[in-house]
1. Going 7 Å from the Cα of A:L200 in the Cα-to-Cβ direction, what parts of the range A:113-150 have a backbone nitrogen less than 20 Å from that spot?
2. For B:E189 and A:V255, FRET efficiency with R0 = 51 Å and r from the beta-carbon atoms, rounded to 0.05?
3. Any idea what the relative contact order of the range B:90-236 is, in percent, if you count C-alpha pairs under 8 Å spaced at least 6 apart?
4. Treat every Asp and Glu Cβ in chain B as -1 and every Lys and Arg Cβ as +1, leave all other atoms uncharged, and give the resulting dipole magnitude about the Cα centre to the nearest 20 debye.
5. Mind ordering A:195-204, B:170-179 by average Cβ neighbours within 10 Å, highest first?
6. Can you give the calculated 222 nm mean residue ellipticity of chain B, where each DSSP H run of n ≥ 4 adds -39,500 (n - 2.57) and the sum is split over every residue, rounded to the nearest 500 deg cm²/dmol?
7. Taking Cα pairs under 8 Å and at least six residues apart, what relative contact order does the range A:1-228 come out at, in percent?
8. So with the 1.4 Å probe, I'd like the accessible area per residue for the protein assembly as shown, rounded to whole Å².
Amino acid sequence: MNVLNLAIPVWQTLAMAGAGTLIAVALGAPLAAYIAARAPGARAIYLALGALRAIPDLTLAIFAVVVVGIGPAAGVTALAVFYTAMVGKMFAELLGTVSRPVLESLEATGASKFSVVLFGALPSASTDLLTFGAYAFECAIRASVVVGAVGAGGIGTEIVGSINALDYRRVAVLIAVLVGIVWVVDWFGAQVRRQPLLALAIVPLGVAGLIGSKPVVFAAAHAVKTFAAMWPPVLDARALAALPVAIFETLEIAVVGTGLAALFAIQLGLIAARRFAPAPVAYAVRRVLDVLRSVPEVVVGLILVVAVGIGPLAGALALGIHSAGVLGKLFAESVENVPVAALDALAATGAGSVAIATYGGVPLALGPIVEHTLFRLEWNLRTATVVGMIGAGGIGQALFNSQQTFHYHEMLAYVLITWGFVLSAEALGKRFASTLAP
Amino acid sequence: MISVERLVVRFPGAARAALNGIDLDVLPGERLAILGASGSGKTTLLRAIAGFVTPVSGRILVDGRVIDTHDAKALRAQRRRIGMIAQSHDMVERLSVERNVLAGKLGAWSAWHALRALVHLTPGERAEAKAILERVGIGDFGRRRTGSLSGGERQRVAIARALAQNPRVVLADEPIASLDEDYARRILELLCRAAEEERVTLVCTLHQPALAHEFFHRVVRLDRGSIGESSPPLHV
Ligand SMILES: Nc1ncnc2c1ncn2[C@@H]1O[C@H](COP(=O)(O)OP(=O)(O)O)[C@@H](O)[C@H]1O
Ligand SMILES: [Mg+2]
């Protein structure tokens, strides 16, 4: 295989993530400062950012591909919008955690709220801001693979192309490369937590990415026209009749996927915990979990759609496999946090390690295990709306079909429905969280 | 210079008023000490003068103008004339000493100026910070990180910040708490000398009657939110 064939998609993926993160910080930081200064309308902007963040990245990407055209510029646009909302909201929250008396001592000089945020809150929260910026970049890398799946360029687009060309060797190589990139970025994130200024390394990458992906500003006029042509959102009678089924399928993908994941994660998590299984076995399982987590749901879904065919089963399995990796790691940590004394008591009865794990580890860590699973369910409700776009059924598939057939009024309607669906899932998640909290 | 008229402050949910009908006049250039036990309302009184506490009734005038916490623009203009040295001498730990000193000028700066100063200080600004730091006896500290300073050193930076503001009034809240007697004396000397040189009105809370009488023109006592006995103005 030609190395250059690999270098270009890898570069595009990194460049999209870098450029998207850079735009997101450039737009999100001033918004966050505005919110933190409690300037007029700050509350409304904060809520708007929270709402905007509920549109899944892939949904934004499919939208951007129509508006901006196929290629990395669409990916950068989608990532920029999604991460501006995320960075703006989170930066505002971080700036809000700065100690009140410090800010008051600056206000006492007669400084404006903005000056106080800039001179007091910004430097005080700088470490957290940089660390979160690096975290956003980590997420953007995964997302930039995902948005590629609908034609936004990079590794995602290559994977789809290779699957369609039945070149499974190339698919395998691309996924291995993807896992490698995710690990490098994870490692980078860990370095940033130690030395926050390292986060600034994203800036040159972002600038190069922006230059490389030919900023969308040039196409602004075209973009506005295309967007206007989508208005108003309309679903015809046939689509309306099919809507309940699509929504049910999406729910099914999320619930079945999360259930499967939890089932496998309990067993993998117990083995992975530094406690019950022999060290080499635990180590090996931890690495397996790492791999499962590294491959985004959408990429798993792309392969499964080929393997098990188009439909909700592929989507549920895709969410299940990825979430098993995520939950397995979290469950292992929860079990590791169970007090040693409690398990020693069981060991004293002569119980074997499987019995100790089952009757000691799981029940004692049940609280966090349930909490992680519910949190994951909320996440999967969101993701279920997007795996559909690669052929796994539900609202996502309906959205994708309408884009492919140029039914843009319908497509806009599905974007709004997806948005509403995710917002409801989040509201439900908050209700759960508040009932679970002691 | 400062007139406090029948000031009543009550915090939400509190059983009794934190300040219970305070009447107090401070003359221009006067140095006034306020003595009082913990919880007697010293901090609340100073914060009310700086417009951080909204009174239930009564009013405060500084330089003839009412402190109105509901008029943000006028309040900022008022605060520019009032230097505040808070009890916990709160500073931006992450920033250098010189930036914390120059923070006294935030009220006079635009937000853009603040952003620029965060990234880069001009040689003129550096020199100004150094000159003020020299007055409080830590001329070489400019480039140090404020988080690494000791309590006494921070107190000096807090005074330097108030000086950088070039105010008409300085409110100092227990500036010598948690300093040993020797150091406390030096800080008071510094504060009072600066007030004298700049012709600034100084209101300072503290716990030590002896030091209060030694360094200040007048001493009043605050007791559970009311002004108690007061020594007459000595010489202004
Ligand atoms: N922000 C506040 N909220 C509620 N109560 C407060 C607040 N600040 C001060 N108090 C109360 O007001 C009273 C006076 O406090 P303070 O002015 O800090 O006294 P001092 O500075 O003399 O120690 C105390 O009873 C204190 O608990
Ligand atoms: Mg006090």
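1. A:118-138
2. The value I calculate is 0.10.
3. Over the range B:90-236, the number comes to 21 percent.
4. 800
5. The densest-packed peptide leads the list: B:170-179, A:195-204.
6. On the way: 8 runs with 84 residues, N = 236.
Calculated at 222 nm, the ellipticity per residue is -10500 deg cm²/dmol.
7. For the range A:1-228, the relative contact order is 33 percent.
8. On a per-residue basis, the protein assembly as shown sits at 44 Å².
The values are calculated or read from the model by the stated rules, or taken from the named source; none is laboratory data. Source: prediction; values computed, not measured. Positions of Cβ are backbone-derived with ideal geometry, glycine not excepted, and every protein chain shown enters the neighbour counts. Accessible surface is based on the protein model in full, side chains and every heavy atom, while ligands, DNA and RNA are left aside. Shrake-Rupley method; radii C 1.70, N 1.55, O 1.52, S 1.80 Å.
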